[in-house]
Structure formats: C-alpha cells, structure tokens
Amino acid sequence: MVLNWFLKPEEALMLQTVSPLILKLSLFLVTAVATHLIMSFGQTLLHYKVAHHPIGGKLFRNHINFHHTHYADDHLVSRTYLGHEGNITPYFFIPVFLVGGCAYFLLPLNLFVVMVIASAASFYAHVFFDKEYHVDGSWLQRFAWFRRQQELHFVHHRHANSNFGVIHFFWDRILGTYRRPDAGA
Ligand SMILES: [Zn+2]
Ligand SMILES: [Zn+2]
C-alpha cells in the first residue's frame, strides 16, 4: 500500500509480478548453494573419517594404496591423471542417494530438481579439482587462487591428517584439521 503511494500504477504492477520471480530465483539460489555446501562438507567428512580411517575397510585401503601412493611427497603431479584404478569416488554416491531420496519426499519438486542439478555440478567440481591439482601444467595454474588451493591439497598428501577438503578448506578449520602450506615439515 505504502509502495503504491510512491510508484506509478504500472510500476506497482510490475513490482508485483517481478517480486515473486525474484523470490523464486533466490530460493533456487539458496537451495543450490546449500546443496553444494552439504556435498562439500560430506566429502570432507567422508575423506577424513572413512578414506583415512581403518573403519573404511576397502575404501580406506584403496585411497591410501592408490591416490596417496600415486601422489606422494616427491611426485605430486603427473602428466595424465592417475585416478582410474582404485577410485573410491563412486562410493560417495551411496550417501548422496540416501540423502537425496529423503529430500525427494521433503522438498517441492522444483527445489528437488535444483538440488539434483546442484549435487551433480558439485560432485563434478570435486572430481575436476582433484584431477587438476595433480595434472602437470594445468591451465588453471595461471590463477593465484588455484595455486593456493593446490598447495593446500598437496599439504594433505604430505601430512595425511590435514586438509581433507578438496574445494573448501574452511571445513578443515571447523574440524580442526586445517594446516597452512607454510606450517613447516
Ligand atoms: Zn586423502
Ligand atoms: Zn589428491
């Protein structure tokens, strides 16, 4: 009502039709960001508690025997990515599908669709970044933020009890496992 006082009638009408759209888009954005954060926290936690813990059984052995053996202190990069044998990434789909299954019943369909798309993009981004960190001469090397991320990930290969995040290392700060690249040997 107060708004109508300031606006011309046609402007008020426009605002009334535009704002539900903006509201809807903001809701989509919040859902997408929340999905990515949940995915990234899940990745960090599983990497920490399953892939680096004997409780993880086969997943633990594969992660240590392949990813951490392929890429260790003196050889952190390779010409092509060595991630195909012993790759445990697909196991991450199990919790993702469990959570996704629950979300299907809890969320309205359009938000569920946003969530599925955001999970797929987030999942792909995690796989993509780990690959780019370890490929020699990645085109992303030109960006300072990427070199910083890569250094933080390499710290994980040198000190396997730290930096479990692949994209966001603030999860490590929260979990108390963060280690700066210049923290010494
Ligand atoms: Zn690891
Ligand atoms: Zn790695």
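Length, then width, then depth: along the principal axes, the Cα atoms of the chain run 70, 38, 32 Å. For region 24-89, a/c is not less than 1.5, where a ≥ b ≥ c are the root eigenvalues of the C-alpha gyration tensor, and a/b tops b/c. That puts it in the prolate class.
Listed by chain and number, the lysines placed with their C-alpha closer than 20 angstrom to that of LYS58 are LYS49; residues fewer than eight positions away on the same chain are left out. Computed on the chain, with alpha-carbon pairs under 8 angstrom and 6+ residues apart, the relative contact order is 25 percent.
Take each peptide in 8-18, 96-106, 116-126, 37-47, count the other Cβ atoms within 10 Å of every residue, and average; sorted highest first, the result is 37-47, 116-126, 96-106, 8-18.
3J(HN,Hα) along region 160-172, derived from phi through the Karplus expression 6.51 cos²θ - 1.76 cosθ + 1.60 where θ = phi - 60°, amounts to 5, 9, 9, 6, 7, x, 10, 9, 10, 8, 5, 5, 5 Hz, with x in place of Gly and Pro. Amide hydrogen proximity for ALA160: with H placed 1.01 Å from N in the peptide plane, no residue at 5 or more positions away or on another chain lies under 5 Å.
Note on ASP73: accessible area is roughly 100 Å² with a 1.4 Å probe, heavy atoms of protein only. Membrane-span-like helices in the chain, defined here as complete DSSP H runs extending at least 24 Å along the helix axis by their C-alpha atoms with mean Kyte-Doolittle hydropathy no lower than 1.0, are 9-46; this is a sequence and geometry rule, not a statement about a membrane.
Evaluated with a Cβ-only charge set (Lys, Arg +1; Asp, Glu -1), the chain carries a dipole of roughly 200 debye about its Cα centre, given to the nearest 20. With contacts taken as Cα pairs under 8 Å at a separation of at least 6 residues, region 53-123 carries a relative contact order of 23 percent. The order of the peptides 164-171, 74-81 by mean Cβ neighbours within 10 Å, most packed first, is 164-171, 74-81. Per-atom-type breakdown for region 80-159 gives carbon and sulfur 71% of the accessible area (1.4 Å probe, protein chains only). Projecting the Cα atoms of ASN161, HIS126, PHE93 onto the charge dipole of region 87-185, computed from C-beta unit charges around the Cα centre, puts ASN161 farthest toward the positive end.
In the assembled protein chains, TYR48 presents an accessible area of approximately 60 Å² (probe radius 1.4 Å). Note on the chain: GNM, Cα springs under 10 Å; of HIS153, HIS68, HIS134, the largest mean-square fluctuation is that of HIS68. Residues in the chain average 64 Å² of solvent-accessible surface per residue, probe 1.4 Å, ligands and nucleic acids excluded. Computed from Cα atoms alone, the Kirkwood hydrodynamic radius reported for region 1-59 is 15.2 Å.
The values are calculated or read from the model by the stated rules, or taken from the named source; none is laboratory data. As the structure is a computational prediction, the values presented were derived from the model and not from experiment. All Cβ positions, even for glycine, are placed from backbone atoms using ideal geometry, and neighbour counts span all protein chains on display. Calculation scope for accessible area: heavy atoms of the full protein, side chains included, ligands and nucleic acids excluded. Shrake-Rupley method; radii C 1.70, N 1.55, O 1.52, S 1.80 Å.
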